[in-house]
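Notes follow once the structure below has been shown.
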Amino acid sequence: MVPNDSKAELMRSLGRLVRGLSSLFWGLPVALVLSAQAATSNLVMSLGVLGLVGPGLAHAVLLYGLWMMGSFQSQERIWVASLDRARLFSLLNVGLSPFLHWHQRAPEVLFFSQSAAAMAVSSLCFLFCLNRVLRRLSAMLPDETLRLETAVFTTLNVSLLLLLPGLLGAYLIMIRMGELPLTVRMTIQLLEPLQHWLILFLVLLPVAVTMSLIWKIKEAVFSCVFEEGQRH
């Protein structure tokens, strides 16, 4: 028999976990859209102070979601360590987000450009760590199908997130090389108008898969909360 105090604490931690997953699910697309708009267009910049703090607030929602999830199984070291890594990059994104606005206003300032690039790297690292968090979380849940599905799709996401900087690095190296084979030059010229769409696809795909996993895990946890409440 589980003591009533332990049941109540489990219910509270599961409830906070559900709220944390909900914050991640809604905060992730908002943070992506606001950050991309702040870095590439004048739409967010035209909003004044809201354009400056908007991306930071969106990333703060993600940090809040991770913080809420920390009360669940806090004795598990591997789980807590994965959460801490994701929180670190989330906090870094909150601090770097204003530089997207300032870089758009003054792109010639090297420090602003470097800070915006650092946030892009930090955001990829955050998404990478978030997938590790979801994998650790699913491993602690009783749904075997969910565990297998999460393992497969987080592996796919991690592969895509590692592929993106590799492709960008190879592209930057090739365009700076003095002499390239004719076929390589023609391929680069053909893909150059599509480079932004390719980058967008490589970023949106893991984000979409991550959101799908968050939703499925949230539903599984919510079912656990409902069943525990019925037994209680």
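The values are calculated or read from the model by the stated rules, or taken from the named source; none is laboratory data. The structure presented is a predicted model; accordingly, all values stated were derived computationally and were not measured. Note that each Cβ is placed from the backbone with ideal geometry, even for glycine, and that neighbours are counted across all protein chains shown.
Of note:
- Leu180 vs. criteria in a helix (DSSP H, G or I), of a type outside the set (Lys, Arg) and either surrounded by 14 or more Cβ atoms within 10 Å (Cβ to Cβ) or modelled with pLDDT under 90 (or both): no
- Region 102-123, residues that are closer than 30 Å to Leu134 by Cβ and either over 13 Å from the mean Cα position of the chain (by Cα) or not small (Gly, Ala, Ser) (or both): Ser115, Ala116, Ala117, Ala118, Met119, Val121
- Qualifying residues in region 206-223 (those that are exposed (fewer than 15 other Cβ atoms within 10 Å of the Cβ) and hydrophobic (A, V, I, L, M, F, W, C)) - the one nearest to Ser35 (Cα to Cα): Ala208
- Per-region count, region 197-216, residues under 17 Å from Phe128 (Cα atoms) and at pLDDT 90 or above: 8
- Meets criteria (over 16 Å from the mean Cα position of the chain (by Cα) and free of Cβ contacts under 8 Å to residues at least 24 places away in the same chain) for Ala151: yes
- Of the residues making up region 67-78, just one is assigned to a helix (DSSP H, G or I), under 17 Å from Leu141 (Cβ atoms) and either among the charged types (D, E, K, R) or over 17 Å from the mean Cα position of the chain (by Cα) (or both), namely Ile78.
- Output for region 91-119, where each listed residue is within 14 Å of Leu57 (Cβ to Cβ), part of a helix (DSSP H, G or I) and among the polar types (S, T, N, Q): Asn93
- Of the numbered criteria (1) touching a residue at least 24 places away in the same chain (Cβ under 8 Å); (2) under 16 Å from Leu32 (Cα atoms), the one Leu137 fails is (2).
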